[in-house]
1. Using the structure shown, decide if Ser284 is part of a loop (DSSP other than H, G, I, E, B) and surrounded by 18 or more Cβ atoms within 10 Å (Cβ to Cβ).
2. When you go through Leu148, Leu60, Leu109, Leu56 one by one, which is the residue that is in the same structural domain as Glu39 (by TED's automatic domain parsing) and either touching an Asp or Glu at 6+ places or on another chain (Cβ under 8 Å) or modelled with pLDDT under 75 (or both)?
3. Say whether the condition of being in the same structural domain as Leu422 (by TED's automatic domain parsing), of a type in the set (Asp, Glu) and modelled with pLDDT of 90 or more is met by at least one residue in segment 508-517.
4. Mind listing whichever residues of segment 300-314 are under 19 Å from Arg218 (Cα atoms) and among the hydrophobic types (A, V, I, L, M, F, W, C)?
5. Please go through (1) at positive phi; (2) surrounded by 19 or more Cβ atoms within 10 Å (Cβ to Cβ) for Ile338 and return the number of the only condition it doesn't satisfy.
6. Against the condition surrounded by 17 or more Cβ atoms within 10 Å (Cβ to Cβ) and out of contact with any strand residue (DSSP E or B) (no Cβ under 8 Å at 6 or more places or on another chain), how does Trp560 come out, does it pass?
7. Out of everything in segment 614-650 that is among the hydroxyl-bearing types (Ser, Thr, Tyr) and surrounded by 14 or more Cβ atoms within 10 Å (Cβ to Cβ), what residue ends up being nearest to Met295 (Cα to Cα)?
8. Please go through segment 523-549 and give me each residue that is part of a helix (DSSP H, G or I), in contact with a helix residue (DSSP H, G or I) (Cβ under 8 Å, 6 or more places away or on another chain) and either touching a residue at least 24 places away in the same chain (Cβ under 8 Å) or of a type in the set (A, V, I, L, M) (or both), ordered by number.
Amino acid sequence: MLPPVGTEVFRHFTAASLEGIQQHEVEEKDCPKPARDLEAGKPLPFIYGEPSPEHLNTPLEELDPHYQTQKTFLVLGKGNIVDRFNADPVCYLLSPLNPLRTVLGPFSLKWASVSLCLCRFVFIAIYSVEVIVKVMSRGFCVGKFTFLRDPWNWLDVMVVRKFSVLTTVPRILKIIPLIPGVCVCSLKKLIGVFVLTVLTLSFLALLGLEFFQGILRRKCIIIPPQPPNKTSDPDYYGYDTTTIYYLAGQFDPLLCGNSYDAGVCPEGFTCTSSLTNPNFGYTSYDSFGWSLLSMFRMMTQDFWDNLMQMTLRSAGKSHMAFFVFLVFPGCFFAVSLIVAAAAMASGEQEEARAAEARKKEEEFSQIEEETWRPSLFISVVHIRINVNMTRISTHDCYLCVSEVGHQRSCPACCYIMANLLLKWNCCGCWRWVKQRLNTVVMNPFFDLAIIICLIINIGFFATDHFPMSMDFAWHLIVANKVFTVIFTVEMVLKLVAMDPCNYFQVSWNIFDAIIVLVSLLELVMADVQGLSLLRIFRLLRVFRLARWWPCFHMFLKVTWTLLRALRNPALLLLTAFFTFTVVGMQMFKDDYKDHVCRISEHCQLPRWHMNDYFHTFILIFRVLCGSWIETLWDCMEVSGKALCLTFFLTVVVIGNLLVSLCSSVCPETGSSPGGVALDSRNTSPTPGAGSNSSL
């Protein structure tokens, strides 16, 4: 069943509409399924046309047949975004036709939820007013699409009740559904993979617990050791640090073992297992939890060689087989499984989008056939169905509706100015000069000369170094001026030969002109301090080789395609980055300041800490790059084990999942049929432009 289309379907929601809904209520089993294109939060499909201004930000009757028999009404906000409101009276007081609800409804759609925390009480007031506006416009809890039916609004109530950064940061996650190409529901398919990964790590952790329990407590003690005097600390046994053997520059004591192939103590020391574990006591196999953390560290390959070397020195070199035949294959299997599952989930999502796009195309063709009227000329100029998007973009569909069937032309003055400024045909002598210059610039040897100049210029770039003698620097300056003049002459000759109208129709010519103009600006302002940034534009001359080098041109197109494909996953990763940074700073800022002496001999903050936003940002970036175990030790020493383990493992798991998502996009984009294919219209010679190709 296809819904009605066209702008005539927009009708204001009135008292008669409400009475019609009450009279035609049917059982839920008889209702059609909701239309996916008309879900709340999605833009209005283009087949409905452009609604008039009087139909925007005002209650309208439902377009979806599923909701036409339910007490809801429609509101089209900015950008024709569909939103639904409950038609029941708000708190049994305000009817849906009440002027107050009519005003507050559209206002609640435009309310900014995420703001900078400049003043605590000001934003508490802002969020409080937001909650009141939503309740007054949507209703509190009775009926669909009311305030408490949205779980995000539960968090808003918590924010108003107790305002802090920790309660406002999750509101940032509300932008995730707005990012195109991100389907949170696809993460459900990864649950089985996570369970299997946890089982694999748990099996390895149990083996580590059986093989290496207590071995990392073995240290070299002076002979004979005194009997241990236990105190309230279970990890302290009364030994003085002066009796323990340390290697020069090492924070932890030297490990040892009692087996034939384990590490031995120096003369005068004996190996005993009555001291704490290394790394503040956080690296061990003494319990299932610490053994599982060690296996997770091996899987993420963070400082894994140090853990393996400590284990082999204490247990013996023969235990290398445990790592070679069990740990390494198991961890590699777990990581590969996660990456493969992320790639499969992304691929299934792309296939679902492609199938949905094909279905939309069929529905559009059917609707076009059913709604064709001879009295109205509808010319579909261009409709592009992009299978990589979740919907058909309204910016790629142009409908020209006219009673007479022709397009409006530009004023005559525009053509006069274009012919005067963009087409240089002054006299016969000038046209003769243009013809001769056109023969020169379109000659292949002219392009060959430019290519040779570019290669020589790149060679001069490569000879730049520091420090340089005055003579060598002077030669580089002269060479830069010479090449700038050469490329300027090239641009002028092509402008004269091709006219600006034809010259600027080629993308490569625009690129060349920008580089030349910036180079000339650099020469003019050479004596001005602080403009060294302009020198970077000279390096862009390297990319001009892609104009004549097909492999380089293909490489640039592939890179550009990958960057476009990664923009949505990268935006999601940046959102998670910002969230983790703010949460980490809020949770551990005071602990690093108050207990810094536990991790620093001079009671000064180390390089990696979370006392301010900048250092927290760098620390989170380091964690996402794979180096997280050492910062975890410091965090547990100043803030406690439970909170730090929860935070760091969450960052590592979610961060690696998002990085895997970005990695899975690259091969899919590279293998798409039309993702990186060269467009014949852009690579073929342009009429009147010789071998100039479009970027």
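1. Considered against the rule, which asks whether it is part of a loop (DSSP other than H, G, I, E, B) and surrounded by 18 or more Cβ atoms within 10 Å (Cβ to Cβ), Ser284 comes out as yes.
2. Residue meeting the stated conditions: Leu109.
3. Yes - at least one qualifying residue is present in segment 508-517.
4. Answer for segment 300-314, where residues must be under 19 Å from Arg218 (Cα atoms) and among the hydrophobic types (A, V, I, L, M, F, W, C): Leu307, Met308, Met310, Leu312.
5. Tallying (1) at positive phi; (2) surrounded by 19 or more Cβ atoms within 10 Å (Cβ to Cβ), Ile338 fails exactly one: (1).
6. The answer is no for Trp560.
7. The residue in question is Ser627.
8. Leu523, Leu534, Arg538, Leu539, Leu540, Arg541, Val542, Phe543, Arg544, Leu545, Ala546, Arg547 - these are the residues of segment 523-549 that are part of a helix (DSSP H, G or I), in contact with a helix residue (DSSP H, G or I) (Cβ under 8 Å, 6 or more places away or on another chain) and either touching a residue at least 24 places away in the same chain (Cβ under 8 Å) or of a type in the set (A, V, I, L, M) (or both).
The values are calculated or read from the model by the stated rules, or taken from the named source; none is laboratory data. In this text, all values refer to a predicted model and were calculated from it rather than measured experimentally. Here Cβ is always computed from backbone atoms with ideal geometry, including for glycine, and neighbour counts include all displayed protein chains.
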